[in-house]
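Take a look at the structure set out below.
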Amino acid sequence: MLRQQVHEISIQTKGRGFYEVTDQIERFVSEAAFTSGLLTVHVCHTSASLLIQENADPEVRRDLERFFARLCPDGDRLFHHTAEGPDDMPAHVRTALTCVNVSIPILGSCLALGTWQGLYVWEHRVAPHRRRLALHLLGE
Amino acid sequence: MLRQQVHEISIQTKGRGFYEVTDQIERFVSEAAFTSGLLTVHVCHTSASLLIQENADPEVRRDLERFFARLCPDGDRLFHHTAEGPDDMPAHVRTALTCVNVSIPILGSCLALGTWQGLYVWEHRVAPHRRRLALHLLGE
Amino acid sequence: MLRQQVHEISIQTKGRGFYEVTDQIERFVSEAAFTSGLLTVHVCHTSASLLIQENADPEVRRDLERFFARLCPDGDRLFHHTAEGPDDMPAHVRTALTCVNVSIPILGSCLALGTWQGLYVWEHRVAPHRRRLALHLLGE
């Protein structure tokens, strides 16, 4: 019999960077004890995103940060919306270029993340922020 | 008892730009009267995307447009597929860089959009187009 | 009565490029014989993505490849993580800029893909790889 659960978690960031939530998410999934199903995670913000990326070598995440800093530098003169500082609009652009929600199947009682896939909240603002995630879990 | 609903809506665009559909989507969700659930929206096109972004200062959307116009300018000599004009291939690239579907949990009878999150159809073609959205709603 | 099914498929790639999986996915959906529902596909890797894009003129996909090769060239001196070669980090960046999962409603017994929408595994590594996809299907 199919059932669903919803949940909310919040993450305190220390400013720009990656915050892994794989363990928290997997704990929520394993407590539901579904054999198969679907997990959806949504980040309720416009200047932080969700990224599924390599959780082995941390240099991958530093390189991602270098790439996005070059692609969309803080203080870019192109932008008019600078109310909250030089990282305000770049944070919106980075969010638009990535994702704010992901849906991952559950197979054999486990989240179907690949061997190297971790789930991260990617904080794009320089200052610390509290980020809220909404979770939906479906399964049986 | 879990139930689902599907629905289709279409949006007439006036050419490149953002068309907010948050209200229409929320109306569909509130009519279903689910306490909790999951809404999925899919745009059935390859030159328009769905974007969840700030719905307060409209300058944010104009800056997003400026950024994508610089990143992937119309008439770029890189492109061979120009059958439908200088904005044809840039529209496909912009779509690839953003998303064509989003899934948002429903918590406490409401779509878990953050305070500043609005849902937009982002028309990437210069000419007006009719854009079709497929909706799926799950909940109880 | 709502039901779900999960499934796993794997795709052998020949290296960088697009591998259409629309037919395989539609076969899985049609065998379930749901009138309406939701299909989710997740690629279990950090250097390959899922892309819904035009399946008519193949030049569109070649232009997408040209654009991403210019945006994020192999061997870019910006990157430190080069353990697996010059295409290693660009493959992670391309994956971050696109999507690793998609959710598509089923309406009128069919996947709600638009006329020109095909679903592709986008292999970002130069060498051949076996890519695993996890599928979740919900419906009735």
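Taking all Cα pairs closer than 8 Å and separated by 6 or more residues, the relative contact order of the stretch A:54-127 comes to 34 percent.
Considering Cα pairs under 8 angstrom that are at least six residues apart, work out the relative contact order of chain A and quote it in whole percent. All intermediate terms of the calculation are to be shown ahead of the outcome.
Details: 273 pairs, mean separation 77.7, N = 140.
Reported relative contact order: 55 percent.
Count charges around B:Trp116 for me, please; just the other residues with Cβ under 11 Å from its Cβ, Lys/Arg as +1, Asp/Glu as -1. Its environment carries a net charge of -2. Each of B:Thr98, B:Leu38, B:Leu2 was placed along the dipole of the protein assembly as shown (beta-carbon charges, centred on the mean Cα), and the one lying farthest toward the positive end is B:Thr98. Within the stretch A:36-140, the trypsin sites (Lys or Arg not before Pro) that combine a DSSP coil assignment with at most 13 other C-beta atoms in a 10 angstrom radius are A:Arg77.
State whether the protein assembly as shown is rounded, prolate or oblate according to the following rule on the C-alpha gyration tensor (a ≥ b ≥ c being the square roots of its eigenvalues): a/c under 1.5 gives rounded; otherwise a/b larger than b/c gives prolate, and the remaining case gives oblate.
Here the protein assembly as shown falls in the rounded category.
For the stretch B:119-136, backbone nitrogen atoms closer than 11 Å to the point 7 Å from B:Cys110 Cα along Cα-to-C-beta are found at no residue. Separation of the stretch B:31-48 and the stretch A:20-39 by C-alpha centroid, Å? First find each Cα centre; the distance between them is then 23 Å. In a fully extended conformation the segment linking A:Arg70 and A:Met1 would gain 19.9 nm over its present Cα-Cα distance, using 0.36 nm per residue. Burial of accessible area (probe 1.4 Å, heavy atoms of protein chains only) in the stretch C:1-47, relative to its chain alone, reaches at least 50 Å² for C:Leu2, C:Gln4, C:Val6, C:Leu38, C:His42, C:Thr46. Across the identical copies, the label point of A:Arg27 (7 Å from Cα in the Cβ direction) is separated from its matches by 4.3, 4.3 nm, in order from shortest. Counting Lys and Arg as +1 and Asp and Glu as -1 over every other residue whose Cβ lies under 11 Å from the Cβ of C:Ala96, the net charge comes to 0. Would you please classify the overall shape of the stretch C:37-92 from the alpha carbon gyration tensor, given that a ≥ b ≥ c denote the square roots of the eigenvalues, rounded means a/c under 1.5, and beyond that prolate means a/b larger than b/c while oblate covers the rest? Cα axes put the stretch C:37-92 in the oblate bin.
For the interface of A with C, what's the total buried accessible surface in square angstrom, probe 1.4 angstrom, rounded to the nearest hundred? Walk me through the intermediate numbers first.
On the way: alone 7850 and 7840 Å², together 12920 Å².
Heavy-atom accessible area buried at this interface is about 2800 Å².
Compute the accessible area per residue over the stretch A:5-111, keeping the other protein chains in place, probe 1.4 Å, unit Å². Numbers along the way, then the final one.
On the way: 3910 Å² over 107 residues.
Accessible area per residue, the stretch A:5-111: 37 Å².
Among the trypsin sites (Lys or Arg not before Pro) within the stretch B:1-59, which fall in a DSSP loop and have no more than 11 other Cβ atoms within 10 Å of their own Cβ? Show your work: numbers first, answer last.
Values: sites: B:Arg3, B:Lys14, B:Arg16, B:Arg27; in loops: B:Lys14, B:Arg16.
Taking the stretch B:1-59 and a limit of 11 other Cβ atoms within 10 Å, the loop trypsin sites (Lys or Arg not before Pro) found are B:Lys14.
With its label point put 7 Å out from Cα toward Cβ, C:Arg130 sits 4.7, 4.7 nm from the same residue's point in the other copies, in order from shortest.
Dipole size in debye (nearest 20) for the protein assembly as shown around its Cα centre, Lys and Arg Cβ +1, Asp and Glu Cβ -1? Please report the intermediate quantities before stating the final value.
Details: 42 positive and 51 negative charges, 36 e Å.
The dipole of the protein assembly as shown has a size of about 180 debye.
The residues of the stretch C:118-140 listed by number as losing at least 10 Å² of accessible area in the complex, against the isolated chain and with a 1.4 Å probe, are C:Arg132, C:Ala134, C:His136, C:Leu138, C:Glu140.
Per the 1.4 Å probe, what fraction of the accessible area of chain A, in percent, lies on carbon and sulfur atoms? Looking at chain A in its full context, I get 50 percent from C and S.
Using a simple charge model, +1 on the beta-carbon of Lys and Arg, -1 on the beta-carbon of Asp and Glu, nothing else, what dipole does chain A show about its Cα centre, in debye to the nearest 20? Kindly include the intermediate steps, with their values, before the conclusion.
Details: 14 positive and 17 negative charges, 52 e Å.
Roughly 240 debye for chain A.
Across the identical copies, the label point of C:Glu65 (7 Å from Cα in the Cβ direction) is separated from its matches by 3.4, 3.4 nm, in order from shortest.
The values are calculated or read from the model by the stated rules, or taken from the named source; none is laboratory data. Remember, it's a predicted structure, so these values are computed and weren't measured experimentally. Backbone-built Cβ (ideal geometry, glycine too); neighbour counts: all protein chains shown. Heavy atoms of the whole protein, side chains included, go into the accessibility calculation; ligands, DNA and RNA do not. Shrake-Rupley method; radii C 1.70, N 1.55, O 1.52, S 1.80 Å.
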